[in-house]
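Before anything else, here's the structure in question.
The values are calculated or read from the model by the stated rules, or taken from the named source; none is laboratory data. Since this is a predicted model, take the numbers as computed values, not measurements. Quick reminder, even Gly has a Cβ in these numbers, built from the backbone with ideal geometry, and neighbours come from all protein chains shown. These accessible areas exclude ligands, DNA and RNA; they are computed on the full protein's heavy atoms, side chains included. Shrake-Rupley method; radii C 1.70, N 1.55, O 1.52, S 1.80 Å.
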Amino acid sequence: MLTIENLHATVGGKPILNGLTLTVPTGEVHAIMGPNGAGKSTLAYVLGGRPGYEVTDGSATFDGVDLFALEPHERAAAGLFLGFQYPVEIPGVSYLQFLRESLNAQRRGRGEAELSGAEFIKLARAQAATLGMDAEMLKRPVNVGFSGGEKKRAEMVQMGIMAPKLAILDETDSGLDIDALKAVGAGINSIMRSPDKSVLLITHYQRLLDYVRPDRVHVLSGGRIVRSGGAELAQELEREGYAEVAA
Ligand code: ADP
Ligand code: MG
Ligand code: MG
């Protein structure tokens with residue numbers, strides 16, 4: 001699904017990723033853990049194609065195509081979904097409008113017809129219900145005044161609607177209480193735990209991994225993967241700290 005080889009990237013001219021190599025097979029959930037400043041968010045932004053993040057060496061192949069040859073909107077149309085640590089607020093645009101435009105942009109990118117308003121509302125309501133979210137909430141402006149948990153639930157609704165092949169979720173657990181964490185974990189499992197989908201779950205803490213059990217855990221430190229293991233590596237990191245494990 002995703003093969004990253006010897007990835008080097010700079011932000012504002014500063015090298016942040018320094019030879020990162022990682023493979024996420026189809027049907028697997030991989031966690032990336034690492035200390036603050038390791039380059040975790042940078043990796044997510046580089047894969048998403050955020051302006052200002054420059055790839056200076058290496059490659060990334062997504063579902064058989066050169067990811068870096070695609071524009072960000074083409075990556076979304078190809079089935080890549082990015083969830084961010086700090087979801088943006090968009091005053092003046094309702095969440096429903098935002099979701100509908102995101103979905104229709106993806107469909108146009110695939111040469112598919114847009115959904116009618118009625119079809120879209122049905123889909124959005126069904127996804128909101130799955131995530132235990134009141135669909136009325138989606139009439140409000142995007143993320144404006146949403147709690148941390150509401151933002152993440154709404155993002156899971158978005159992920160359900162976009163039905164990506166690969167989801168890259170950056171610290172999707174940050175700032176969540178236990179109930180929201182469980183709901184988000186259940187959302188990730190129900191939407192993405194499938195033989196034809198993959199997840200790259202970026203997290204600083206082990207607790208989300210109690211709900212979404214990873215097939216592999218990788219430690220990112222100094223802009224590269226310094227260690228990989230099974231789910232038990234997350235517990236080891238929690239116990240012993242990054243300094244010990246990543247040394
Ligand atoms: P993590 O998500 O693992 O905490 P980040 O990817 O956010 O790490 O940051 C990695 C490093 O890149 C940090 O040293 C950070 O200060 C630096 N960095 C991030 N964004 C920028 C930027 N826009 N300009 C310069 N340095 C940046
Ligand atoms: Mg950080
Ligand atoms: Mg980060």
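Quick check on the stretch 62-76. Is at least one of its residues touching a residue at least 24 places away in the same chain (Cβ under 8 Å) and within 16 Å of ligand 3 (Cβ to nearest atom)?
No, the stretch 62-76 contains no residue that is touching a residue at least 24 places away in the same chain (Cβ under 8 Å) and within 16 Å of ligand 3 (Cβ to nearest atom).
Restricting attention to the stretch 177-208, report how many residues are under 14 Å from F81 (Cβ atoms) and within 16 Å of ligand 3 (Cβ to nearest atom).
3
For G19, state whether it is surrounded by fewer than 21 Cβ atoms within 10 Å (Cβ to Cβ), assigned to a loop (DSSP other than H, G, I, E, B) and small (G, A, S).
The answer is no for G19.
Within the stretch 46-75, can you find the residues that are under 17 Å from I225 (Cβ atoms) and in contact with an Asp or Glu (Cβ under 9 Å, 6 or more places away or on another chain)?
V46, G58, S59, A60, T61
Another one. Regarding P141, is this residue under 27 Å from L70 (Cβ atoms) and touching a residue at least 24 places away in the same chain (Cβ under 8 Å)?
no
For the structure I just gave you, tell me whether A44 is open to solvent by less than 70 Å² (accessible area, probe 1.4 Å), within 20 Å of T203 (Cα to Cα) and aliphatic (A, V, I, L, M).
yes
May I pose another question? Using the structure shown, decide if A38 is farther than 22 Å from P72 by Cβ, surrounded by 20 or more Cβ atoms within 10 Å (Cβ to Cβ) and away from ligand 3 (no atom under 13 Å from the Cβ).
For A38, the condition - farther than 22 Å from P72 by Cβ, surrounded by 20 or more Cβ atoms within 10 Å (Cβ to Cβ) and away from ligand 3 (no atom under 13 Å from the Cβ) - is not met.
Select from the stretch 76-92 the residues that are surrounded by 14 or more Cβ atoms within 10 Å (Cβ to Cβ) and either modelled with pLDDT of 95 or more or of a type in the set (A, V, I, L, M, F, W, C) (or both) and list them in ascending order.
Of everything in the stretch 76-92, those that are surrounded by 14 or more Cβ atoms within 10 Å (Cβ to Cβ) and either modelled with pLDDT of 95 or more or of a type in the set (A, V, I, L, M, F, W, C) (or both) turn out to be A76, A77, A78, G79, L80, F81, L82, F84, I90.
Continuing with the same structure: Specify which of the listed residues (M1, M33) is in contact with a strand residue (DSSP E or B) (Cβ under 9 Å, 6 or more places away or on another chain) and either away from ligand 2 (no atom under 16 Å from the Cβ) or open to solvent by 30 Å² or more (accessible area, probe 1.4 Å) (or both).
Answer to the selection: M1.
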